[in-house]
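For reference, the structure is listed below as structure tokens.
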């Protein structure tokens with residue numbers, strides 16, 4: 001299957017309390033439009049999870065994960081919106097007028 005979306009996942013290294021922080025950039029391969037956001041939870045299985053909610057098969061998304069120091073992470077994500085759920089990601093993408101395949105699943 002052709003790549004439809006590019007998911008870049010960023011996470012901070014653990015701080016002294018063991019906390020990690022997560023953010024992502026999701027790019028539509030056809031139009032180049034991007035949605036960036038920070039998350040409260042880990043993105044383990046991120047491509048498969050987001051693909052299901054956006055109506056794509058898991059292999060339509062290319063995923064790249066990058067870990068960085070906490071201060072570098074905070075500087076990069078400063079001002080990014082908080083998108084706590086796949087539904088919030090979908091709404092952000094809809095605002096950019098990105099078309100999705102027909103969603104055959106019922107969530």
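The values are calculated or read from the model by the stated rules, or taken from the named source; none is laboratory data. Everything numeric in this text was worked out from a predicted model, so none of it was measured. All Cβ positions, glycine included, derive from the backbone under ideal geometry; neighbour counts span all protein chains shown.
Given the structure, is residue 75 at pLDDT 85 or above and assigned to a loop (DSSP other than H, G, I, E, B)? Considered against the rule, which asks whether it is at pLDDT 85 or above and assigned to a loop (DSSP other than H, G, I, E, B), residue 75 comes out as no. Has segment 99-106 got at least one residue that is modelled with pLDDT under 85 and part of a helix (DSSP H, G or I)? Within segment 99-106, not a single residue is modelled with pLDDT under 85 and part of a helix (DSSP H, G or I).
Taking segment 8-70 as the region of interest, the strands (runs of 3 or more DSSP E) fully inside it that hold 1 or more residues being modelled with pLDDT of 85 or more, over 14 Å from the mean Cα position of the chain (by Cα) and farther than 21 Å from residue 90 by Cβ are 61-68.
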